[in-house]
Amino acid sequence: MAGQSWIVYWNEYSSETFLYGSRIQYHKKDDVEYSNHLLPIGAVIKQWYSRTNYQMYRIEPALPMIDGESEYQITANITFPEGEECFLLLIFYDKYDVEAGRIVIRGRKTRFRCPLKTYYYKLQLVNGGVTHFHFHWIEIQELTDGTEESFEKTV
């Protein structure tokens, strides 16, 4: 059973985007075309945060607040050519800004549970060998059915 759901888009604010040698076209809110043929594997292409310093950066958090007691499902709607890939990385922090865990998400849909001491987190889109893709959205959905299926483990 699904609970609350949040959609994360690629906003035009580009301070948290890998820009060097990149071509970015904003076709629509849910269609951003990104290409960079010199992008190194492992480079963070885009980042989103659940907590920001608005006075310093003038951006609002793009991610919902989540807790360690609930189960979540993340779904990525990103279109890239056959044989190329990118992946998502969730990094969780405690209230002292110490990393509390991380999850690497390969594939389109994954269920996960964050560490109990999570205070905030960030989501990174990481290059896994892709040179061109269309980013549509990422959905984070709270699951309320209580079933124990395969969850990604935080490291």
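The values are calculated or read from the model by the stated rules, or taken from the named source; none is laboratory data. Predicted, not measured: the structure shown is a model, and the values here were computed from it. As a convention, Cβ positions derive from the backbone with ideal geometry for all residues, glycine included, and neighbour counts pool all protein chains shown.
Given the options 82, 69, name the one that is within 21 Å of residue 141 (Cβ to Cβ) and surrounded by fewer than 11 Cβ atoms within 10 Å (Cβ to Cβ).
Step by step, each of 82, 69 is checked, and only 69 is within 21 Å of residue 141 (Cβ to Cβ) and surrounded by fewer than 11 Cβ atoms within 10 Å (Cβ to Cβ).
In the stretch 118-137, what count of residues is obtained for those that are over 21 Å from residue 41 (Cα atoms) and either free of Cβ contacts under 8 Å to residues at least 24 places away in the same chain or buried (at least 19 other Cβ atoms within 10 Å of the Cβ) (or both)?
Here is the first cut: in the stretch 118-137, the residues over 21 Å from residue 41 (Cα atoms) are 118-121, 136-137.
Subset that is either free of Cβ contacts under 8 Å to residues at least 24 places away in the same chain or buried (at least 19 other Cβ atoms within 10 Å of the Cβ) (or both): 118, 120-121.
The qualifying residues number 3.
Which ones in the stretch 92-114 are aliphatic (A, V, I, L, M) and surrounded by fewer than 17 Cβ atoms within 10 Å (Cβ to Cβ)?
98, 104
When you check residue 42 against the structure, is it at pLDDT 95 or above and at positive phi, yes or no?
yes
Name the single residue that is nearest to the chain's Cα centre (by Cα) among those in the stretch 74-105 being polar (S, T, N, Q) and either at pLDDT below 95 or closer than 20 Å to residue 35 by Cα (or both).
The residue in question is 77.
Of the conditions (1) surrounded by 14 or more Cβ atoms within 10 Å (Cβ to Cβ); (2) in contact with a helix residue (DSSP H, G or I) (Cβ under 7 Å, 6 or more places away or on another chain), residue 60 clears all except one; give me its number.
Here residue 60 clears every test but (1).
Residue by residue through the stretch 104-122, note down the ones that are more than 19 Å from residue 3 (Cβ to Cβ) and of a type in the set (A, V, I, L, M). Before you say what the answer is, go through the steps one by one.
As a first pass, look at the stretch 104-122 and keep what is more than 19 Å from residue 3 (Cβ to Cβ): 104-108, 115, 117, 119-120, 122.
Those that are more than 19 Å from residue 3 (Cβ to Cβ) and of a type in the set (A, V, I, L, M): 104, 105.
Of 21, 42, which residue is touching a His at 6+ places or on another chain (Cβ under 8 Å), closer than 19 Å to residue 131 by Cβ and not aromatic (Phe, Trp, Tyr)?
Testing whether each residue is touching a His at 6+ places or on another chain (Cβ under 8 Å), closer than 19 Å to residue 131 by Cβ and not aromatic (Phe, Trp, Tyr) leaves just 21.
Which condition number does residue 10 fail, the rest of (1) among the aromatic types (Phe, Trp, Tyr); (2) outside any loop (DSSP other than H, G, I, E, B); (3) under 15 Å from the mean Cα position of the chain (by Cα) being met?
Residue 10 satisfies every listed condition except (2).
In the stretch 103-130, which residue that is part of a loop (DSSP other than H, G, I, E, B) and touching a Cys at 6+ places or on another chain (Cβ under 6 Å) is farthest from residue 90 (Cα to Cα)?
Applying the filter and picking the extreme gives 130.
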